[in-house]
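The values are calculated or read from the model by the stated rules, or taken from the named source; none is laboratory data. Every value quoted in this text rests on a predicted model; they were computed, and no experiment measured them. For neighbour counting, all protein chains shown are included, and Cβ atoms are generated from backbone atoms with ideal geometry for every residue, glycine included. Ligands, DNA and RNA are stripped out before the accessible areas are found, and what is left, the full protein with its side chains, is counted by its heavy atoms. Shrake-Rupley method; radii C 1.70, N 1.55, O 1.52, S 1.80 Å.
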Amino acid sequence: METTPSELFARIVELAKSIFEQVEYSTDYTPARAILRLEGVYSKHRVFVIELIADNSRKYAYYVLRGEWVEAGFDNTPDPRAIRLKYGKIGAEHARELVPHLHRENKSELVLTEEMTFEKFVDWLKANLTE
């Protein structure tokens with residue numbers, strides 16, 4: 001059985017509330033798409049989450065900041081640097097392709113990743129962030 005966007009968003013919000021402090025979120029649903037925007041605090045870090053489900057695809061962005069510094073940002077946007085890293089060039093066949101990747105060092109470093117879920121993101125936070 002497939003999970004509906006509202007079920008997915010409810011699971012994310014529940015997990016966020018169990019891990020983060022000061023959780024605030026909003027959802028927006030139309031017949032064409034569903035969006036979850038969530039913010040919270042993890043240790044001394046601010047966390048920003050966006051889940052977008054539309055056109056039979058899932059786009060996401062999971063960012064963790066210390067002050068204004070981007071510690072890590074996982075997303076699958078069609079970032080030209082990620083596409084170039086994956087394929088060597090940006091051709092018409094890949095121009096809008098969703099490519100999972102990770103931004104580090106205030107977005108100055110980029111590495112390709114597997115697709116990220118909110119649960120995996122929480123596991124990454126627990127394993128990689130210290131005070």
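Numbers at a glance
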quantity: Accessible area expressed per residue, the range 70-127, with surrounding protein chains retained (probe 1.4 Å, Å²); calculated: 56 Å²
quantity: Of all accessible heavy-atom area on the chain, the percent that carbon and sulfur account for (1.4 Å); calculated: 51 percent
quantity: Mean separation of Cα contacts under 8 Å, 6 or more apart, over the residue count of the range 2-102: relative contact order %; calculated: 15 percent
quantity: Paramagnetic reach from Ser6 (point 7 Å along Cα→Cβ, amide N under 19 Å) across the range 50-92; calculated: 51-56
quantity: Proximal aspartates and glutamates relative to Lys89, as straight alpha-carbon distance under 14 Å, when same-chain residues fewer than 8 apart are discounted; calculated: Asp79, Glu97
quantity: Diffusion coefficient, µm² s⁻¹, Stokes-Einstein with Kirkwood Rh over alpha-carbon pairs of the range 1-76 at 25 °C and 0.890 mPa s; calculated: 189 µm²/s
quantity: Relative contact order [Cα under 8 Å, 6+ residues apart], the range 51-131, whole percent; calculated: 24 percent
quantity: Whole-Å semi-axes of the ellipsoid equivalent to the chain (Cα gyration tensor, √5λ, descending); calculated: 24, 21, 11
quantity: Surface/4 estimate of mean projected area, convex hull on alpha-carbon atoms of the range 34-83, nm²; calculated: 4.1 nm²
